[in-house]
Structures are given as structure tokens and as C-alpha cells.
1. For LYS29 and VAL51, calculate 0.36 nm times their separation in residues minus their Cα-Cα distance, and state this gained length in nm to one decimal.
2. What ratio of Cα Rg to 2.2 N^0.38 Å holds for the chain?
3. Can you give the calculated 222 nm mean residue ellipticity of the chain, where each DSSP H run of n ≥ 4 adds -39,500 (n - 2.57) and the sum is split over every residue, rounded to the nearest 500 deg cm²/dmol?
4. What lysines sit close enough to LYS61 to cross-link, taking a C-alpha to C-alpha distance under 18 Å and skipping anything fewer than 8 places away on the same chain?
5. In what order, largest first, do MET49, MET1 sit by accessible area if the probe radius is 1.4 Å?
6. The range 10-68: which trypsin sites (Lys or Arg not before Pro) are DSSP loop and have at most 15 other beta-carbon atoms within 10 angstrom?
7. Between LYS36 and GLU14, what is the label-point separation in nm under the 7 Å Cα-to-beta-carbon projection?
8. For the chain, what is the accessible area per residue in Å², given a 1.4 Å probe and the full set of protein chains?
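The values are calculated or read from the model by the stated rules, or taken from the named source; none is laboratory data. Values in this document were obtained by computation on a predicted structure and should not be read as measured data. So basically every Cβ, Gly included, is an ideal-geometry build from the backbone, and we count neighbours across all protein chains shown. Keep in mind that these areas ignore ligands, DNA and RNA; they rest on the heavy atoms of the full protein, side chains included. Shrake-Rupley method; radii C 1.70, N 1.55, O 1.52, S 1.80 Å.
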Amino acid sequence: MDELVKRAQQGDKEAFTELILLLKADLYKIAKTRIKNDEDIYDAIQETMIVAFKSIKKLKKIESFKPWIIKILINTCNTVSYTHLTLPTSDLV
């Protein structure tokens, strides 16, 4: 995985895609513990991938990739959950 992270940090989109494919089941399980709606889960994972791709060059320890992307996912899930709690009911129609 470390080699994929290095390549992704150099802008290799295929390496980043491989990383996501390796972690997709873990990311889904983690998101599912925080969000119940599958559509919102997939939105959170997609947003996580975007944030991670844009920020991967800032990752200092290559071996920390998995905990790093999980932290991004948890923060994204929390935002999604909070957004649903604060939406007025008229916005849901």
C-alpha cells in the first residue's frame, strides 16, 4: 500500500483509485456505523475521496494513509449527520 500512496502523492490517479478500491469495504462499514441512509453513505464516501485526493500531498507519513482517510470519512459523516439534524422540515419536501 505504501508504494500506491507514494504514487498517488505524485499525482497518479490510478494509484489513488487502487487505494480506494483496497479500502472501499472498510470505508463503507465505518460510514454505515454513522449514517443509516445508503445514499448519504455513498455521498460521504465520495466527498471523502475528493478531499483525500486533493490533500494527499500533505500526508506526511505514508504508513498513516488508512487512519488519515478514515478520519476524513468520520468528519464527513459527522457533517452529513449534522446537516440532516439541522435541516428545516420544509427543505425535506
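1. Numbers: separation 22, 0.36 × 22 = 7.92 nm, distance 1.90 nm.
Gain on extension, LYS29 to VAL51, equals 6.0 nm.
2. On the way: Rg = 14.5 Å, N = 93, 2.2 N^0.38 = 12.3 Å.
My calculation over the Cα atoms of the chain gives 1.18.
3. Mean residue ellipticity, 222 nm, calculated: -25500 deg cm²/dmol.
4. Answer for LYS61, where 18 Å is the Cα cut-off: LYS6, LYS71, listed by chain and number.
5. Values: MET49 60, MET1 100 Å².
Largest to smallest exposure gives the sequence MET1, MET49.
6. On the way: sites: LYS13, LYS24, LYS29, LYS32, ARG34, LYS36, LYS54, LYS57, LYS58, LYS60, LYS61; in loops: LYS36, LYS60, LYS61.
The qualifying sites are LYS36, LYS60, LYS61.
7. Once both label points are built, they end up 4.3 nm from each other.
8. Numbers: 6320 Å² over 93 residues.
It amounts to 68 Å² per residue over the chain.
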